[in-house]
Amino acid sequence: MQTGHRKIIIAIDGYSACGKSTLARALAKRLGYVHIDSGAMYRAVTLYVMRHHIDINDADEMAWALSKISIHLSFEHDQQVTWLNHENVEQAIREPSINEFVSNVSTLSAVRKEMVAQQRRMGLAKGIVMDGRDIGTVVFPEADLKLFIIADIDVRTERRWMELQAKGVNIALDEVKANLLLRDTIDSTREDSPLKQSVDATVIDTSYLTPKEQLQIALDLSRSIIGKI
Ligand code: CDP
């Protein structure tokens, strides 16, 4: 674990199921930092919207819904737990039905404004690794280290399918692939804060890297920056 006071902000962005959260969690653990999976927050908003049958295209209805939503993140054994209005929704937000709709909800500026404000407050103390789609471009454009994670679509499909199988969710490989591709398209073509590589980000292709190898690359980059400040 890294000690001392020179804490930095690390932003990790990339496409769905590239291994961002796995890398971010492991990196934060090794550095003694906090890991925030920002996607969980968009997933929690989506869960609320679906449960309450909110019409996301109705601005007033959406504003009302946002005023009723309180999202809180806690940490148990280094794992983030997501709370929606004091209910633990960590499992519910990973369901395929959420995957189907989360990118549509995430296009809405009203939603993004709320989430980004909350995410920025989390970074005030530094010592944070946050992963998402717009972390290096919008949430922390001043981040000390920005990583942009990519991986082959078939590798990503297989990884996400295995994750879902392990959770007992039965779904065809083709369906998983179609959802990843659709979300990539919506996320990178939306008007507000589209997913794109920040010019100052380092790209890591995780297709043929083990989690240990990708962690080592990120650790080396982090330590070289921490050593300089
Ligand atoms: O785990 P996975 O890569 O499948 O997705 P996630 O990180 O949980 O994010 C779910 C969805 O939330 C993404 O497809 C985006 O539509 C949205 N998202 C976003 O718009 N901005 C972020 N900073 C994080 C997620």
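In summary, D200 fulfils each of the numbered conditions (1) closer than 20 Å to H35 by Cα; (2) surrounded by fewer than 16 Cβ atoms within 10 Å (Cβ to Cβ); (3) touching a Gly at 6+ places or on another chain (Cβ under 9 Å) with the single exception of condition (1).
How about the range 145-192: which of its residues are assigned to a loop (DSSP other than H, G, I, E, B) and more than 29 Å from D220 (Cα to Cα)? Residues satisfying the conditions are K167, G168, V169, N170, I171, A172, R190, E191, D192. The set of residues in the range 165-185 being under 26 Å from K113 (Cβ atoms) and surrounded by fewer than 16 Cβ atoms within 10 Å (Cβ to Cβ) consists of L182, T185.
Against the list (1) in a helix (DSSP H, G or I); (2) more than 25 Å from A178 (Cβ to Cβ), the condition I98 fails is (2). Taking the options S21, S70, S16, S74, name whichever one is surrounded by 14 or more Cβ atoms within 10 Å (Cβ to Cβ), of a type in the set (S, T, N, Q) and either free of Cβ contacts under 8 Å to residues at least 12 places away in the same chain or over 18 Å from G123 (Cα atoms) (or both). Going through S21, S70, S16, S74 in turn, the sole match is S16. Scanning the range 101-115 for residues that are of a type outside the set (S, T, N, Q), part of a loop (DSSP other than H, G, I, E, B) and near the ligand (Cβ under 8 Å from one of its atoms) yields no hits at all. Considering the range 1-78, the qualifying helices (runs of 4 or more DSSP H), each wholly inside and each with 2 or more residues that are closer than 25 Å to L164 by Cα and either more than 16 Å from the ligand (Cβ to nearest atom) or of a type outside the set (D, E) (or both), run over 20-31, 38-51. Inspection of the range 128-143 finds a residue satisfying the criterion of being within 13 Å of the ligand (Cβ to nearest atom), within 13 Å of the chain's Cα centre (by Cα), part of a loop (DSSP other than H, G, I, E, B) and within 20 Å of R43 (Cα to Cα). Taking every residue in the range 29-52 that is in contact (Cβ under 8 Å) with a residue 40 or more places away in the chain and closer than 16 Å to D131 by Cβ and pairing it with any residue that is in a helix (DSSP H, G or I) and more than 16 Å from the ligand (Cβ to nearest atom), at least 6 positions away or on another chain, the pairs with Cβ-Cβ distances below 8 Å are R30/L215; R30/L219; L31/L219; L31/S222; L31/I226; H35/K29. Can we say S188 is within 12 Å of the ligand (Cβ to nearest atom) and exposed (fewer than 15 other Cβ atoms within 10 Å of the Cβ)? For S188, the condition - within 12 Å of the ligand (Cβ to nearest atom) and exposed (fewer than 15 other Cβ atoms within 10 Å of the Cβ) - is met. Taken over the range 79-93, residues that are within 16 Å of the ligand (Cβ to nearest atom) and either over 17 Å from the mean Cα position of the chain (by Cα) or assigned to a loop (DSSP other than H, G, I, E, B) (or both) amount to 3.
No lab work stands behind these numbers, since they all come straight from the coordinates. All figures in this text were calculated on a predicted structure; none of them were measured in a lab. Note: ideal-geometry Cβ built from the backbone for every residue, glycine included; neighbour counts use all protein chains shown.
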